[in-house]
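Q: Dropping a structure here in C-alpha cells format, bear with me for questions.
Where a number appears in this text, it was derived from the coordinates with a stated rule and is not lab data. Quick caveat: nothing in here was measured; it's all calculated off a predicted structure. Quick reminder, even Gly has a Cβ in these numbers, built from the backbone with ideal geometry, and neighbours come from all protein chains shown.
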Amino acid sequence: MSQKKIIIAGAGLGGLATALRLASKGFDVTILEKHHQAGGRLNMLEKDGFKFDLGPTFFSMSYEFDELVQSCGIDYPFEFIELEPLFTVNIDGIDQTFTIYKDLDKLSAQFELFEPDFKAKMEAHLLKTESLYNDTVNRIVHRNFNSLPDYLLQITKVPLKHTPLLFKTMWKELCDSFESKEARMVFSLVGFFLGATPFDTPAVFSLLNYVEMKHDGYHNVKGGMYKIVESLEKILKEKGVKFHYNTEITGAVYENSTLKSITDSSGKHWDADIFVINADAASFRGQILKRPKYSESKLNKKKWTMAPLTIYLGIKGKLDNLQHHNYFLGNNFDEYAKGVFKNRVSFQKPYYYVNVPSKNNPEYAPEGHESLFILCPSPDLRFKPDWNDREEIAQNIIEDLSRRSGYNLNEMIVSKTILSPEHWESMFNLYKGSGLGLAHDMNQIGWFRPSNKDEELKNLYYVGASTIPGTGLPMTVISSKLTTTRVLEDLNQKH
Ligand SMILES: Cc1cc2nc3c(=O)[nH]c(=O)nc-3n(C[C@H](O)[C@H](O)[C@H](O)COP(=O)(O)OP(=O)(O)OC[C@H]3O[C@@H](n4cnc5c(N)ncnc54)[C@H](O)[C@@H]3O)c2cc1C
C-alpha cells in the first residue's frame, strides 16, 4: 500500500471520482472544498420543504459510472432510473408537443406530420453517428495525449469516412439528415447539453444523438441526483478520505518544478506529494498559478459554454401536463440560438428547459406539491455583466410557461429561488459564470484542451469539465480515469 499523500482541491464529481480511484489504490487522500458541501455543480438545494437538483438533472453514458464502480471494487452506491420518454419539446406556434422516445416507432409517430420518411432518415442518422462513436470513443475520448503528434496520430486512425464531420457544424449535419426545421431543432438540442448551440458545435458531437437515442438513453437517480454525491462521500469517508469544506485555495508554493503546498484563503498551507485540481483547469492556471498562457485577457478570449439562469419553484398542486424533462423553444430558432450567448437577443421570450424532479422522486416535494426547476441558457458575465433584471426575466419565463402548460403558476408558487450567472461564478468559481466550462470547439478539445497534467509542476494534475475529455457528468467520470492513469503512470503503477 502506498502512503503517498494526495490533496484534491474541489469536491465536484471530478474530485470525488478521482479520490475514489486513488483511495482504492491505498493513497492517503484529503479533499479541500470551497463550498460548504460536496458535489460542485452536481449539488442540492433544500428550501421551504422542497428539494431541487441544483444543476444536473439527468445523464447519459451510465456505463461510465459502471466502470468507476467496477474498477474501484465497490458495491453500486446508487440506483439508476432510466427515462422513457426521454423528454418533450414544445415549439411556440406549433400545436403538437413532441415527445421524444428511444423507441423508434413511437418516435417516428411524433414526426409523421412534419418529416416524410422520418424512420428511415433517423435510422440512417443513428447508423452514421453510431459508427462515428465506435471509431472515436477509445481512440480519442478515453485517451491521454502525450504530444501534438500523438494526438494527430490518433486522429489519423479514425476512418476517413468521418473526415467531413470535422469541417461542418452539428446544425449542418442535421440539415443533411432531416428536411423539417422541427426535426432539426429537436435533435440539435444535444448541442445545448454541451453548453453551446448547434451552430457552433462541431458535427463530430452528433455522436451524442446515438449515445442518447440508442446506445444508452437518459438516466436519473433514485432519491435524486445528489444521491451520487452523498453515496460517494460516504464511501470515501469509510476509506479514510478527509474532507475540509469552506476551504478555498488561493495560492500555491513551489520550488523548481515541484509544488510544495497550496494555500487557502486563511493563509493555511496544505502540503502533499501530489496535488489534483478539480477547480476549472484553465482559470486555475491563470488566476492562481499566474501562467501567462492563461492570463485574464487570454481566458477572456477563449470560448466558454453558456451561463445558467436557474429558477427553483415550490409549487402547490400537481403538474400533470409536464413530463420529467421538457424544453420550451420559441419560433425564431436560428436568430435566437445565434445571438443568445452574446446577449444579442431579447430575453422577453427566452428559450428554457423545465424539470419536475418530484415526478420521479416524491420526497422532493410535500404531499400534493411539486418541485420545479427551470434552466435558461444565458450569456456569461463577459457578455451580460448586469443581472439586476433576473426577477423580470424569471417572471417572463414563468408567465410563458403558464401560458404553454395550462397552469397559472403565479398562483401556485410557494417557494422561489433565482440564481443568475454571478451566483454560479461565486458558488463554484466558474469562470464568468460559464456553466459547463470551456466550450468544445475543435481548437479546445483533445490536445488543445488544457491538459490534465501541469506543464511546469511535475506533481500537479487536473480533473473536471475544462480538462480532457470535456464537460457533463459522464465525461467528468472519464476525466477522473484519465487523470488517475496519469498519476499512476508517473508513479510507475498500473491503473
Ligand atoms: C445548470 C447546470 C445544469 C447541468 N446539467 C447537466 C446535466 O443534466 N447532465 C450532465 O451530465 N451535466 C450537466 N451539467 C454539467 C455538469 O454539472 C458538469 O459537467 C460537472 O458537474 C462538472 O464537474 P467538475 O467536477 O468538473 O466541476 P464542479 O462540479 O464545478 O466541481 C469543482 C469543485 O471545485 C470547487 N472549487 C473551485 N475552485 C476552488 C478553489 N480555488 N478551492 C477549493 N475548491 C474549489 C468548486 O466549489 C466545486 O465544488 C450541468 C451544469 C450546470 C451548471
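Q: Enter the Cα centre distance for the pair the range 329-387 and the range 10-32, rounded to the nearest angstrom.
A: For the range 329-387 versus the range 10-32, the Cα centre distance is 33 Å.
Q: Another one. Net charge near TYR294: determine it from the other residues with C-beta under 13 Å of the C-beta of TYR294, scoring Lys and Arg +1 and Asp and Glu -1.
A: Net local charge, TYR294 excluded: +3.
Q: I would also like to ask the following. Which parts of the range 82-102 would a label at ASN331 reach, counting a residue when its backbone N lies under 15 Å from a point 7 Å out along Cα-to-Cβ?
A: Residues 90-97 qualify, since their backbone N sits under 15 Å from the label point.
Q: For SER297, project a label point 7 Å along Cα to C-beta. Then give me every residue of the range 447-472 with its amide nitrogen under 14 Å of that point.
A: Correct set: none at all.
Q: Another question, then. Inverting the mean 1/r over all pairs of different Cα atoms, compute the Kirkwood radius of the range 85-138 and quote it in Å.
A: Values: mean 1/r = 0.0797 Å⁻¹.
Here the Kirkwood hydrodynamic radius works out to 12.5 Å.
Q: Taking H as built 1.01 Å from N, whose amide H comes closer than 5 Å to the amide H of TYR352, not counting residues under 5 places away?
A: PHE328
Q: Tell me, what ³J(HN,Hα) does each residue in the range 347-353 have, in order and in whole Hz, if you take phi through Karplus 6.51 cos²θ - 1.76 cosθ + 1.60 with θ = phi - 60° and put x for Gly and Pro?
A: Each residue of the range 347-353 in turn: 8, 4, 10, x, 8, 7, 10 Hz.
Q: At 0.36 nm per residue, minus the direct Cα-Cα distance, what do ASP117 and THR263 gain on full extension? Give it in nm, one decimal, please.
A: Here the segment from ASP117 to THR263 would lengthen by 46.5 nm.
Q: Rounded to the nearest whole Å³, what is the per residue volume of the convex hull around the Cα atoms of the chain? List each step's numbers first, then the result.
A: Numbers: hull volume 70.0 nm³, N = 495.
In the chain, the Cα hull volume divided by residue count equals 142 Å³.
Q: Full extension from VAL253 to ASP386: what is 0.36 nm times the residue separation minus their Cα-Cα distance, to one decimal in nm?
A: Computed gain between VAL253 and ASP386 is 44.3 nm.
Q: Restrict the search to the range 78-165; then list the trypsin sites (Lys or Arg not before Pro) that DSSP places in a loop and that have at most 16 other Cβ atoms within 10 Å of their Cβ.
A: LYS157
Q: Now a separate question. Please state the Cα pair-distance histogram of the range 307-428 with 5 angstrom bins from zero: what percent is in each bin?
A: Going out from 0 Å in 5 Å bins, the range 307-428 shows 2, 11, 21, 23, 19, 13, 8, 2, 0 percent.
Q: Most exposed first by the Cβ proxy, i.e. fewest other Cβ within 10 Å, how do HIS244, HIS125, HIS423 rank?
A: So the ranking, lowest neighbour count to highest, is HIS244, HIS423, HIS125.
Q: Here is a further query. Please grab the % of Cα pairs in the range 81-220 that end up more than 26 Å from each other.
A: It works out to 25 percent of all Cα pairs.
Q: Would you please put 28-35, 174-181 in order of how densely packed they are, using the mean number of other Cβ atoms within 10 angstrom per residue and starting with the highest?
A: 28-35, 174-181
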